[in-house]
1. How do the strands (runs of 3 or more DSSP E) wholly within the stretch 516-617 filter down when requiring 3 or more residues that are over 20 Å from the mean Cα position of the chain (by Cα) and outside the structural domain of THR661 (by TED's automatic domain parsing): which remain?
2. Kindly indicate the residue of the stretch 653-669 that is more than 36 Å from the chain's Cα centre (by Cα) and surrounded by 15 or more Cβ atoms within 10 Å (Cβ to Cβ) and also nearest to PRO419 (Cα to Cα) among those meeting that condition.
3. Any chance you could count how many residues in the stretch 634-690 are among the charged types (D, E, K, R) and touching a Pro at 6+ places or on another chain (Cβ under 7 Å)?
4. Within the stretch 74-125, track down each residue that is modelled with pLDDT of 95 or more and charged (D, E, K, R).
5. Surrounded by 18 or more Cβ atoms within 10 Å (Cβ to Cβ), at pLDDT below 95 and either within 17 Å of ARG416 (Cα to Cα) or charged (D, E, K, R) (or both), is that true of ASP627?
6. Whether any residue in the stretch 450-463 is more than 23 Å from ASN544 (Cα to Cα) and either out of contact with any Pro (no Cβ under 7 Å at 6 or more places or on another chain) or assigned to a helix (DSSP H, G or I) (or both) is what I want to check.
7. From the list PHE449, PHE425, which residue is more than 30 Å from GLY310 (Cα to Cα), among the hydrophobic types (A, V, I, L, M, F, W, C) and at pLDDT 95 or above?
8. Quick one: which residue in SER547, SER517 is more than 30 Å from ARG217 (Cα to Cα) and either of a type in the set (S, T, N, Q) or buried (at least 20 other Cβ atoms within 10 Å of the Cβ) (or both)?
Amino acid sequence: MKTAPVQLPFPIPFGAHVAAEGARFTLFARYADRVWLMLFNSADADRPDQEIELQAATHRLGDVWHIHVPEARAGQFYLYRMAGTSPEGIDFTYHEDQWVLDPYAQAVTGPAWGENKGLSVGEWPRNGAKFPKGVIIDDAFDWQGVPRPRTPMADSIIYETHVRGYTVRPNSGTRCPGTYRGFMEKIPYLQELGITAVEFLPMFEFDEMEYYHANDRRQELRNFWGYSTVNFFAPNAQYAHDGQHGQQVHEFKELVRALHAAGIEVILDVVYNHTAEGGHGGPIYSFRGIDPSTYYMLEDDGLHYRNFTGCGNTVNCNHPAVRQFILDSLRHWVTQYHIDGFRFDLASIFCRGKQGEVLKDPPIVEAIAEDPVLREVKLIAEAWDAAGLYQVGGFPSTRWSEWNGRYRDDVRNFWRGGPGLVSAFATRLAGSGDHYDHHDQTPMKSINFITSHDGFTLADLVSYNEKHNQANGEDNQDGDNHNHSCNYGEEGPTQNPEIKAIRKRQVKNFIATLMLSQGVPMLLAGDEFFRTQQGSNNAYCQDNEISWVDWDLLGEHQDLLDFTRRAIAFRKEHPSLRRRDFLKGCLPETGGADILWMAANGGEVNWDQDEALGCLLDGRARYTGADEDKDHLLLLFNAHPHAIDFKIPNAPAAPWQIALTTEDPPPRWPANKNKLKMAGRSLTVLASAH
């Protein structure tokens, strides 16, 4: 059907936007000679109801194609197709019949979770009813005046979770399991737990059926984690309860609004390092059908894709057009969804140039750090990539925080036990100053975690010596082999009461250490009630009981849940655990010290041999760098498998009192006011009010 499009004097923002009359469309397509806009009245239509050819003379400005269509409306669906000539040296051919999704689409149509839409095994959607379509969105939403929490990074307690996996199991007790709406039903629980921010695993639009479409040996499994983005502006349709044809936009905004009303921030795990289009021969959804030479790093043959991500392709993040695309995406989530922060998957990809070379001052990193719209949001880098670039402690921006993988490993090692581990443990406890105490940085640079989605849960960390990933169909070859875990006598579940007691106490030790450490703690969802993944340390494709949170465990491990709440509350009560600057030890200008390290015998620590450690934190304001603490704190750690007597120094003010302990029952105190008998593998905190 022919139309009479209205010519505009200049391009508008990229994507599809409702205008006073109709809608406006703008697309970056540098090498296209012809572009067709297709409009659909049904998400399942196999052919467009309207098709409009954009004319280069009137609808192109530079590399930008744009048009206003009076007949277009919110709720309608759209796609593009195009023809053109690839640049010299790039082995790329436009296919006029290839449907292409707008990279800036604000919503993408989706089927029910796990539905293949009638495609055969190994068949990628190319066009017709099976191809996902963009949705024209009216982005008006009533935020009801709910403000963003704006929690300072120093006061943040992050909770990493999966939108679907958190409530999809029937015993979650939610009316809308596995959805944005279902997650809203758990907000009171999150408030009571005491977390300040949820960090959602990827919830941009992705294809959970990618293994099926690729005729992979994992074809019966789903891409559960979502690290394979199809579109960077659209919330995942499959997580919406109300519908997958645009309703997901409103429903996700409702979730953000509800979390903010509860004082909880929203951090998104984002994947700008690669896309779902894979390498040579992979599917064409969007970028490969428009301009792979701009969006991706290509090999010298101009055909194959450089693969620094382990996922088939690598986004060309520092290309000016791609850099603008990433910034536009981030701004979109901040302005339209009120998102409070981002965790960037394989963020070291941002530090690579077009050929994969490592850049000293990568433009995209600085652009994100200095962008006016993004100045208040939290920026967290996973400071490594799949090709060996490891930048923990060296990610090139003081504005960004980092997932501290060395904190994870050193804390795990200490509690597993052995000589020579206290030095690294003390360094992590004090905020990892070896990595971050330079260039006016603070302990907030370090995102401390012991477990995350990628690896063992805390329950499995203390129950398995080895990974058990056989269900992934990769012969247990996937996942990390260096887990620093211990089963304490039996592999997996046990009925041995002594082993069960040790495991429970070790989990408490990990949670308490996390909350007592300088930096920003991140807790994995379900660790607070002993969630297991049955020994899997790489459950990326397990959309089943392996990954789903089992809420029956909450009642079974109520003691652990109660302890976690106390540990979080204790951190919030004590500013000396949330310092804005690094601990310095002796302070000659005051004649005192903000921290004193001690061995179990009360003397100097033997950093090469000791397995127990104590530290005294002075709670006065001149030492905390923040508000004055009501207490001086004595933190005592015993990684020995056997009990020890810890010599207790004189209290600096009021007599010492036990404030937090992982022993059950608590140690006797004060049986001897100068000595505390600590159980093997235990932690105790004493407080002295001033």
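1. none
2. PRO667
3. Selection size over the stretch 634-690: 2.
4. Correct list: ARG81, ASP102.
5. No.
6. yes
7. Result of the check over PHE449, PHE425: PHE425.
8. Exactly one residue qualifies, and that residue is SER517.
The values are calculated or read from the model by the stated rules, or taken from the named source; none is laboratory data. These numbers were taken from a predicted model, which means no experiment stands behind them. Cβ atoms come from the backbone with ideal geometry, glycine included; neighbour counts cover every protein chain shown.
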